[in-house]
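Asker: Quick one: structure below, then a few questions.
The values are calculated or read from the model by the stated rules, or taken from the named source; none is laboratory data. In this text, all values refer to a predicted model and were calculated from it rather than measured experimentally. Virtual Cβ from ideal backbone geometry, glycine too; neighbours counted across all protein chains shown. These accessible areas exclude ligands, DNA and RNA; they are computed on the full protein's heavy atoms, side chains included. Shrake-Rupley method; radii C 1.70, N 1.55, O 1.52, S 1.80 Å.
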Amino acid sequence: MVKRNLNDLLSFVTVAREGSFTRAAALLGVTQSALSQAISGLETRLQIRLLTRTTRSVSPTAAGERLVKAIGHRFDEIEAELDELTALRDKPAGTVRITCGDFVLHNVLLPRLTPVLREYPDIKLEFDVNYGLRDIVADRFDAGVRLGKTIDKDMIAVPIGPPLRLAVVASPDYFSIRPIPKIPNDLMAHACINQRMPTSGGLYVWDFERRGRQINVRVDGPLIFNTTQPQVDAALAGLGVALLPEDELMPYIEAGRLVRVLEDWCPKFEGYHLYYPSRRQPSPAFSLVVQALRLSGTAR
């Protein structure tokens, strides 16, 4: 029986999943040169090409895809078992990886998880700020944060924030020279600040509802962003009308720096939820994270 080098197999799986030697080398803590040599050695021993390399990307060949599907989950299982061994320690330990947006990271996750880090110094938290709908299983995250209505039914969803509302705002200077919209369709005559959706690539369609009547408006304007903070900055600068969750705008509305309109067309909707696979066997460290983030008074 020929012994296989498991380090080379792990190196291959990581490169295939990351699609980059640079990112894979950083995750594995090795140099890109050493990683490339390990992959080349594995391909030589197997006498088959596993990766297609170009100047811009790396992707698995058909044989590489087959190998990833055959062994990739084995490494995940080993990692999960090693995490569970921390239950035998006096104090929980291990790394918890979470993908989320920037606003919820700064305003919900970090404030609530700071006491956990102080009490359990062997716990490490890794955050991936991303506005796309990441596949947390394929991308090997322990959990993600999304609005409740966007979470797949096969996931466990834990509320970590109250219901939200959207708010339509612009600066006082903007509305001093333009009429205040009375109904959503009036926005079509305004300079609106658009958002490019990270997953679909299309522009966000502004949706409104009042007394059971729903209206979708495709707005237009001089600016398009793919994150929220630049939209806030542009609205404050008087460059157009923005539509964003009200919790990101309330300090400016209360200070009079932004004027809110169409409030009766913006109903509440499900707020932020932490979600993770239902088949996951949680480690003690992960259980502490969930407990710290869970919105008080909610059930699992």
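Asker: Specify which of the listed residues (243, 239) is in a strand (DSSP E or B) and modelled with pLDDT of 95 or more.
Answerer: Values: 239 fails: in a strand (DSSP E or B).
Answer to the check: 243.
Asker: Look at residue 117 and say whether it is in contact with a strand residue (DSSP E or B) (Cβ under 7 Å, 6 or more places away or on another chain), modelled with pLDDT of 90 or more, open to solvent by less than 60 Å² (accessible area, probe 1.4 Å) and assigned to a helix (DSSP H, G or I). If you could, list the steps in order and put the result at the bottom.
Answerer: Numbers: in contact with a strand residue (DSSP E or B) (Cβ under 7 Å, 6 or more places away or on another chain): yes; modelled with pLDDT of 90 or more: yes; open to solvent by less than 60 Å² (accessible area, probe 1.4 Å): no; assigned to a helix (DSSP H, G or I): yes.
So residue 117 fails the test.
Asker: The conditions are (1) under 16 Å from the mean Cα position of the chain (by Cα); (2) surrounded by fewer than 18 Cβ atoms within 10 Å (Cβ to Cβ); (3) assigned to a strand (DSSP E or B), and residue 96 fails exactly one of them. Which is it?
Answerer: (2)
Asker: Of all residues in segment 210-236, count the ones that are assigned to a helix (DSSP H, G or I) and touching a Cys at 6+ places or on another chain (Cβ under 8 Å). Don't jump to the end; show me each part of the working.
Answerer: Of segment 210-236, the ones assigned to a helix (DSSP H, G or I) are 229-236.
Filter once more, so that each one left must be touching a Cys at 6+ places or on another chain (Cβ under 8 Å): none.
Qualifying residue count, segment 210-236: 0.
Asker: Right, another one. Of everything in segment 159-199, what is more than 24 Å from residue 256 (Cα to Cα), open to solvent by 40 Å² or more (accessible area, probe 1.4 Å) and β-branched (Val, Ile, Thr)? Give them in sequence order.
Answerer: 199
Asker: Taking segment 126-162 only, how many residues are over 13 Å from the mean Cα position of the chain (by Cα) and outside any loop (DSSP other than H, G, I, E, B)? Show your work before the answer.
Answerer: To start, the set of residues in segment 126-162 that are over 13 Å from the mean Cα position of the chain (by Cα) comprises 138, 148-149, 152-162.
With outside any loop (DSSP other than H, G, I, E, B) added as a condition, the list becomes 148-149, 155-159.
Within segment 126-162, residues that are over 13 Å from the mean Cα position of the chain (by Cα) and outside any loop (DSSP other than H, G, I, E, B) number 7.
The rows are residues; the columns are (1) in contact (Cβ under 8 Å) with a residue 40 or more places away in the chain; (2) open to solvent by less than 40 Å² (accessible area, probe 1.4 Å); (3) under 22 Å from the mean Cα position of the chain (by Cα); (4) closer than 20 Å to residue 166 by Cα.
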position: 214; (1), (2), (3), (4): no, no, no, yes
position: 228; (1), (2), (3), (4): yes, yes, yes, yes
position: 253; (1), (2), (3), (4): yes, yes, no, yes
position: 259; (1), (2), (3), (4): yes, no, no, yes
position: 277; (1), (2), (3), (4): yes, yes, yes, no
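Asker: Let me ask another. Looking at segment 283-292, can you tell me whether even one residue there is in a helix (DSSP H, G or I) and surrounded by fewer than 14 Cβ atoms within 10 Å (Cβ to Cβ)? Spell out how you get there, then give the answer.
Answerer: Residues of segment 283-292 that are in a helix (DSSP H, G or I), as a first pass: 284-292.
Applying the additional criterion that residues be surrounded by fewer than 14 Cβ atoms within 10 Å (Cβ to Cβ) yields 287, 291.
Scanning segment 283-292 turns up at least one residue that is in a helix (DSSP H, G or I) and surrounded by fewer than 14 Cβ atoms within 10 Å (Cβ to Cβ).
Asker: A further question on this structure: Against the condition more than 30 Å from residue 123 (Cβ to Cβ), open to solvent by 10 Å² or more (accessible area, probe 1.4 Å) and among the small types (Gly, Ala, Ser), how does residue 202 come out, does it pass? Steps first, please.
Answerer: Details: more than 30 Å from residue 123 (Cβ to Cβ): yes; open to solvent by 10 Å² or more (accessible area, probe 1.4 Å): yes; among the small types (Gly, Ala, Ser): yes.
Yes.
Asker: Consider residue 274 carefully, then state whether it is closer than 30 Å to residue 116 by Cα, part of a loop (DSSP other than H, G, I, E, B) and in contact with a strand residue (DSSP E or B) (Cβ under 9 Å, 6 or more places away or on another chain). Quick ask: steps written out before the conclusion?
Answerer: Values: closer than 30 Å to residue 116 by Cα: yes; part of a loop (DSSP other than H, G, I, E, B): no; in contact with a strand residue (DSSP E or B) (Cβ under 9 Å, 6 or more places away or on another chain): yes.
So residue 274 does not fit the description; no.
Asker: Something else: Would you mind telling me which numbered condition in (1) open to solvent by 50 Å² or more (accessible area, probe 1.4 Å); (2) in a loop (DSSP other than H, G, I, E, B) residue 207 fails?
Answerer: Failing condition for residue 207: (2).
Asker: Of the residues 10, 105, which single one is at pLDDT 90 or above, open to solvent by less than 60 Å² (accessible area, probe 1.4 Å) and in a helix (DSSP H, G or I)? I'd like the intermediate steps shown before the answer.
Answerer: Numbers: 10 fails: at pLDDT 90 or above.
Result: 105 is the single residue among 10, 105 that is at pLDDT 90 or above, open to solvent by less than 60 Å² (accessible area, probe 1.4 Å) and in a helix (DSSP H, G or I).
Asker: Going by what's in this entry, would residue 123 be described as buried (at least 17 other Cβ atoms within 10 Å of the Cβ) and under 15 Å from the mean Cα position of the chain (by Cα)? Write out each step before concluding.
Answerer: Numbers: buried (at least 17 other Cβ atoms within 10 Å of the Cβ): yes; under 15 Å from the mean Cα position of the chain (by Cα): no.
No, not satisfied.
Asker: Out of curiosity, is residue 116 under 30 Å from residue 238 (Cα atoms), touching a residue at least 60 places away in the same chain (Cβ under 8 Å) and over 18 Å from the mean Cα position of the chain (by Cα)? Spell out the reasoning first.
Answerer: Numbers: under 30 Å from residue 238 (Cα atoms): no; touching a residue at least 60 places away in the same chain (Cβ under 8 Å): yes; over 18 Å from the mean Cα position of the chain (by Cα): yes.
The answer is no for residue 116.
Asker: Residue 31 - would you say it is more than 24 Å from the chain's Cα centre (by Cα), over 25 Å from residue 126 (Cβ atoms), at pLDDT 85 or above and of a type in the set (Ser, Thr, Tyr)? Don't jump to the end; show me each part of the working.
Answerer: Numbers: more than 24 Å from the chain's Cα centre (by Cα): yes; over 25 Å from residue 126 (Cβ atoms): no; at pLDDT 85 or above: yes; of a type in the set (Ser, Thr, Tyr): yes.
Spelling it out, it is not the case that residue 31 is more than 24 Å from the chain's Cα centre (by Cα), over 25 Å from residue 126 (Cβ atoms), at pLDDT 85 or above and of a type in the set (Ser, Thr, Tyr).
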